[in-house]
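Read the structure below first, then the notes.
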């Protein structure tokens, strides 16, 4: 097993891929066997019992049936959900093959010879082969996100190919003994065997993805995402576009030529092997060889595609078609006819089904994303119909007009030659379309990256790119620079060096980034080094980065780089540290370490890029220095230090990181999660030890990290149990809001409601993290979207899926029960029960519950005595801020962060807080007293704009946009007490918590309306 896991890791399979791999790979393997047995059986039976001369008529009938089949599939898809459709289609395929097997065995037992039945067998079995391929690949695409699909699809293809090889060997063994009808009868047995994993994959992954509100259109893919163009408009545009018309021609002619080669092969084989047993054994050998070649082709197809490109691949395929038909024409009258024709048949089959289709997909990626599917579906429909008719027509030249097979091979050679010419023309059109699509859409869509290998080899297309580079439009020049950068071609260095004098700093930085200086001379280095003093910091960063790559001029690079260690911009200095370290000399190491020590000792925000550099370079010697920066007053420094300690795998700092989570904002919490994950297996034991007594934030972070670090068995066992226990324990706090209400503390009851909801969300986030590890990110995301739907029926569907068991059944069911209990009304508590609840929660690991219990206790001790005025604690600040409209919609956690930043200040009567015309660095929330707002009109007279009281906010606009204040605010009729929030704290919170920004926006709009009303009064 360990060998298998090592092999999977070596080929890029991640742990989260394995469950789908173990579930779906057997389906592809067994269904591949069933498909090949089905194909071998019905082709042998048709050709031996009816005759291959009837193939043109059957293909013509199939061409007529295909549109009806497409209509029927569309009708069925419109009336069934995706999981139901997948199950129904599999059942239909099994039913068709099982019914055919029963008829064949019945004919064998009774000795009847129903010749009219074999066209029905051919058409129905070909339907199964066609739909089975579509069905399995559709399921795999639906189940796997894009990046996961890239990792798993090659294995699924390999499994299906191995299934074909196994079927070929099985055919060779079974056919001589029991005949082709027995070979065919094995197909439904294998389909039945694969159905168990098939249905399990649908239930486990597809059902959650198809809940209400989760559609292909949301993901921006699939037919639903196509634009509003009609089918007729797609058809007209296809016919008007030389490129699309050429692609349509390729998609039509190539399968038609394959059908012709198949016809020649079957007739030649029938002449050589007239008996069913011999023909079946021969067909099994061809199938084995065919899928062995397919397996080998898959091993090199990626390299071939990268080397030839999409258009070059099709041109090469057309060339193989020419050679195959030419050889068939040359050897048809010789003893090597069957071997040559068999080889041509196998090559044409492999190339059309395994190599041509990916190239077609790349062609359509030059179109706008919203229109690709529409054009592709129209082209596939037209090509399928026309290709079968054209192939049947060429076959009819023999069956109807009596033309010989050498003449058919000659026609095939001519057709393949025309295909080669057409593919060359399409290649030229593709290059034009690729340039146009890049000019139109830029590089926002990374899907065009697969075309760049062939793109940069074409002189005309690269000439167009250079034309973009020399143009006036900055955006087009940036796109051209990115394309040139992808080529890493040193021939463009002179062109790029000339752009270093450009006025646009983006062009200068892009030029540096696109350069390949691996073999550049000293003059080029001097040109690049001149930009290390550029006024733009990003340009300096790119210049330093490029100098570090010129290791063939190491001494000169050291000379230019050492001065940048003291660059005034921290990002440039950090890049210089990495560049000097890359020079790998004792002198450069010493210079790096000296600068790092100085910056870390000084601390502050300039240390942020240096922390990142220390982490990237894995400089463990500075771990203790970085750990001391966790106490830095700047939040960004604490975040950078946390991330750095994770990269350094400094596990001794983990308890300190976890202990600071109670006062951590969202960014620091995310950094802590990633740092613990980066520490790897060494972090598991400390996390598991702290989990039982962890505070809520610690618990959530620990669960998230452990769900990524622990093996599947432990996640499904111990970790899932911990999450289920926490869900139950969290619900034990549900009576607390009612308890506070029963003792008359409504403000504490409101905070308790907020805290209870936050804890529920935190614990459930941990539970979702465990379930995501045990299932799939797509599945959990789909269920969560459904549970958030406003429609009650949709939510019920999501709860039902959870109750059935997702990932780990007990945890999933516990989570479903907790979600269902959200709407339950709390039962009122007696005073004694409330007091017991407060005493119990006073010992909680959650600081909010402890503070609420202490506040209740202080209230009891006062026993109705008036509270003395004093400094507000965190809880009292939160109670106050909750009543301020500015912050009314914020959560308890967000209010707590604001309360932590807020500084309480007092100002005497007529003392100025904000002065008109001066910049203001803080906003103020009035706790007690009043503020008078005054300003000066255009005429020069001063007037009062209004008076603010408790709960109002002053100075927000000037504090946030750093502009001079338009008003003067001063204490009015006595002293005023305020909460002051500094600009840096507020802007950081707005960035991390959008709800805070929305609250600020609402309050600002209200103030604007107030000022407008006052100005109207002034005008009147």
* Asked: Across every pair of different alpha-carbon atoms, what Kirkwood hydrodynamic radius in Å does the stretch 754-861 reach?
  -> 16.1 Å
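How would the stretch 457-525 be classified by its alpha-carbon gyration tensor: rounded, prolate or oblate, with rounded meaning a/c under 1.5 and the a/b versus b/c comparison settling the rest?
The shape class here is oblate.
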* Asked: Taking 0.36 nm per intervening residue step and subtracting the Cα-Cα distance, what contour gain separates residue 765 from residue 272 on full extension?
  -> 170.7 nm
* To do: Can you pull the one-decimal nm distance between simple spin-label points at residue 285 and residue 656, each 7 Å off the Cα toward Cβ?
  => 7.5 nm
* Tell me which label goes with the value of Rg/Rh (Cα atoms, Kirkwood Rh) computed from the coordinates here: [x] 1.12; [y] 1.02; [z] 1.05. => [z]
* To do: Just need the relative contact order of the chain here, percent rounded to a whole number, with Cα pairs under 8 Å and 6+ apart.
  => 8 percent
* Order of 968, 287 under a 10 Å beta carbon neighbour criterion, fewest first -> 968, 287
* **Exposure proxy ranking, count of Cβ atoms within 10 Å, fewest first, for 941, 699** => 941, 699
* Add -39500 (n - 2.57) for each DSSP H run of 4 or more in the chain, then divide by its residues: what number comes out at 222 nm, to the nearest 500 deg cm²/dmol? -> -23000 deg cm²/dmol
* Residues of the stretch 962-983 with amide N under 19 Å of the 7 Å Cα→Cβ point at residue 910 -> 968-977
* To do: Return the whole-Å distance between the Cα centroid of the stretch 497-562 and the Cα centroid of the stretch 943-996.
  => 46 Å
* With Cα atoms, 0 to 90° folded angle of helix 369-399 axis to the chain main axis -> 10 degrees
* To do: State the extension gain, in nm to one decimal, for the chain segment bounded by residue 1005 and residue 77, taking 0.36 nm per residue of separation less the distance between their alpha-carbons.
  => 329.1 nm
* To do: Express the relative contact order of the stretch 754-861 as a whole percentage, based on alpha carbon pairs under 8 Å and six or more residues apart in sequence.
  => 16 percent
* To do: Kindly provide the Kirkwood hydrodynamic radius of the stretch 112-214 in Å, to one decimal, from all pairs of distinct alpha carbon atoms.
  => 16.3 Å
* Modelled FRET efficiency - R0 51 Å, residue 169 with residue 470, Cβ distances, 0.05 increments -> 0.25
* Going by how many other beta carbons lie within 10 Å of each one, how would you line up 144, 644, 592, fewest first? -> 144, 592, 644
* For the chain, find the longest principal axis of its Cα atoms and tell me its angle to the long axis of helix 696-709, 0 to 90°, nearest 10. => 30 degrees
* Answer rounded, prolate or oblate for the stretch 13-219, using the Cα gyration tensor with square roots of eigenvalues a ≥ b ≥ c: rounded when a/c is under 1.5, else prolate when a/b is larger than b/c, else oblate. => prolate
* **Translational diffusion coefficient (Stokes-Einstein; Kirkwood radius from C-alpha pairs) of the stretch 97-164 at 37 °C, 0.692 mPa s, in µm²/s** => 225 µm²/s
* Taking the C-alpha atoms of the stretch 526-676, convex hull volume expressed per residue in Å³ -> 103 Å³
* Mind jotting down the distance between the C-alpha centroids of the stretch 243-265 and the stretch 568-638, whole Å? => 62 Å
* Structure fact -> Taking 0.36 nm per residue of separation between residue 530 and residue 631 and subtracting their Cα-Cα distance, the length gained on full extension comes to 32.5 nm
* Folded to 0 to 90 degrees: helix 18-45 orientation relative to the chain principal axis, Cα -> 20 degrees
* Indicate the gyration tensor shape class of the stretch 634-737 (rounded, prolate or oblate), computed on the Cα atoms with a ≥ b ≥ c the square roots of the eigenvalues: a/c under 1.5 is rounded; otherwise a/b larger than b/c is prolate and the rest oblate. => oblate
* Asked: Sorted by packing (mean other beta-carbon atoms within 10 Å per residue), highest first, where do 572-581, 318-327 land?
  -> 572-581, 318-327
* Could you calculate the FRET efficiency of residue 804 with residue 177 from 1/(1 + (r/R0)^6), where r is the beta carbon distance between them and R0 is 51 Å, rounded to 0.05? => 0.65
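All of the numbers you see were taken from the coordinates with simple rules; none came from a lab. All values derive from a computational prediction rather than experimental measurement. Neighbour counts run over all protein chains shown; Cβ positions are idealised from the backbone, glycine included.
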